[in-house]
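Below: one structure, written as structure tokens.
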Amino acid sequence: MKKVSTPAESTVISTTSPTKYTSKFWFDDACILDMDHFIKNLYVIKEKGVRPDLISSIIANYASKWLPDLSTEESMKSPATLTGSPESVTALWMKKRFFVETLVGILPSEKNSVPCDFLLRLLRTANMVGVEMNYRAELEKRISLQLDQATLKELMIPAFDHTCGTLLDVELVLRLVHRFLNLDEVSKSGTSLVKVARLIDAYLAETALDTNLSLLEFISLAGALPNHARIADDGLYRAIDTYLKVHPNVSKQERKILCRVIDSQKLSPEASYHAAQNERLPVRAVIQVLYSEQTKLNRQLDWSGSFSGLRSPNPPPEAPPVRCHSKRDMANQHIEIKRLREDVHRIQNQCNTMQGQIERLMEKKKGIFRWKKLAVPMFQSVNAVGRIEDGEAEDKVGQTPVNMKTKLVRTPGRWRKSMS
């Protein structure tokens with residue numbers, strides 16, 4: 001290790017302009033010093049007016065030299081790291097904690113001056129060695145400000161807390177998303193919101209492979225983002241399908257609650273076709289996907305029809321000539337319309353088939369009780385009619401004038417016999 005006798009000798013910046021010095025010169029000289037000399041040199045560099053992004057690059061390179069956990073390359077590991085010292089595990093753990101806390105304190109405060117991936121690696125190490133809560137809260141705050149710059153690899157931070165049942169720290173990611181959504185609209189643009197939604201969908205697809213992930217945690221993270229954050233729900237559908245595949249014991253009611261997160265209008269034709277044949281989804285969700293796809297196809301057909309009817313049959317003479325479509329364009333347009341009609345017809349057949357299956361299932365349950373109610377009155381009415389006809393025949397055979405006279409007063413024999 002380079003010996004530094006005085007603070008003046010330890011200064012790596014001379015009296016010349018800081019723009020003449022390259023980052024490689026700083027990396028080679030500043031990173032071989034211990035923590036105290038490194039902080040002194042860093043303050044001198046800041047006073048010279050060096051850009052904050054260069055200062056963060058120096059800090060990241062220095063951290064990767066001493067702590068390989070903060071490095072992105074295996075080649076950055078050197079014998080001078082903290083892990084190579086012949087000290088006890090407890091002393092090494094305390095030294096790592098002090099090192100991370102010191103790095104958090106000297107980071108540039110400007111926004112976007114420190115890469116988000118480096119902050120995530122620093123947060124992972126801080127959670128691993130048990131850094132104080134205020135330092136971790138500061139890291140989470142800075143990460144949430146630039147969460148749209150994070151990558152999936154660095155976001156997959158393990159859960160070091162023994163009380164957490166999942167492999168990944170899902171609660172940490174949920175806190176980062178909530179902090180990001182609480183930012184003002186100036187800091188949170190529409191593009192950054194779309195990037196975060198795409199990142200969270202990819203994270204959900206990875207964490208869905210964990211069998212210990214509860215349904216409440218999955219729905220909380222999936223529903224944390226607003227509906228307008230996702231341009232397409234294909235990534236969310238893939239994550240839900242993965243979760244249902246890994247968790248086959250999810251009840252029917254829970255499947256319905258889980259599928260409510262998906263907006264069927266935002267599914268691509270490929271995802272809609274896969275969902276229509278997915279046996280893990282509830283029937284209601286499949287019907288909704290088919291209905292949405294049919295609505296989109298009908299809208300496309302209506303749009304193509306209205307577009308073709310915009311041209312007036314009698315255009316004014318002063319109107320500019322309209323460019324005629326070539327035969328190839330017309331043929332391609334007819335082929336596209338034919339394909340759309342075939343898709344609509346296919347989806348209608350699938351809807352009719354599923355509706356018929358649902359009706360048959362309902363008839364199997366209600367048909368037995370319906371026939372029992374109808375059978376008894378029908379047989380009773382037939383017997384009553386037979387008895388009435390027999391009584392009329394007997395009255396006609398033994399009828400006399402006296403009986404005809406008293407017939408208006410007495411109760412007819414056919415009614416007596418029918419009631420007996």
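The values are calculated or read from the model by the stated rules, or taken from the named source; none is laboratory data. Quick caveat: nothing in here was measured; it's all calculated off a predicted structure. Backbone-built Cβ (ideal geometry, glycine too); neighbour counts: all protein chains shown. Protein only, heavy atoms only, side chains kept; ligands, DNA and RNA dropped before computing areas. Shrake-Rupley method; radii C 1.70, N 1.55, O 1.52, S 1.80 Å.
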Checked segment 160-274 with the C-alpha gyration tensor, a ≥ b ≥ c its square-rooted eigenvalues, rounded below a/c of 1.5, otherwise prolate if a/b is larger than b/c and oblate if not; verdict oblate
For D184, D117, the accessible-area ranking with a 1.4 Å probe, largest leading, is D184, D117
Around A208 (Cβ within 10 Å, Cβ-to-Cβ, excluding A208; K/R +1, D/E -1) the net charge comes to -1
Surrounding charge for A239, neighbours by C-beta under 9 angstrom, Lys/Arg +1, Asp/Glu -1, total -2
Carbon/sulfur accessible area of segment 86-199, % of total, 1.4 Å probe, equals 56 percent
For segment 81-161, the per residue accessible area (1.4 Å probe, Å²) is 45 Å²
accessible surface per residue for segment 176-235, probe 1.4 Å, DNA/RNA/ligands not counted, whole Å² -> 46 Å²
Among GluC sites (Glu not before Pro) in segment 132-228, those in a DSSP loop whose Cβ has at most 10 other Cβ atoms within 10 Å are E185
With a 24 Å threshold on alpha-carbon distance, the violating pairs from K141/K245; K40/K188; K245/K266 are K141/K245; K40/K188
Here, trypsin sites (Lys or Arg not before Pro) of segment 92-184 satisfying both criteria (DSSP loop; at most 11 other Cβ within 10 Å) are K111
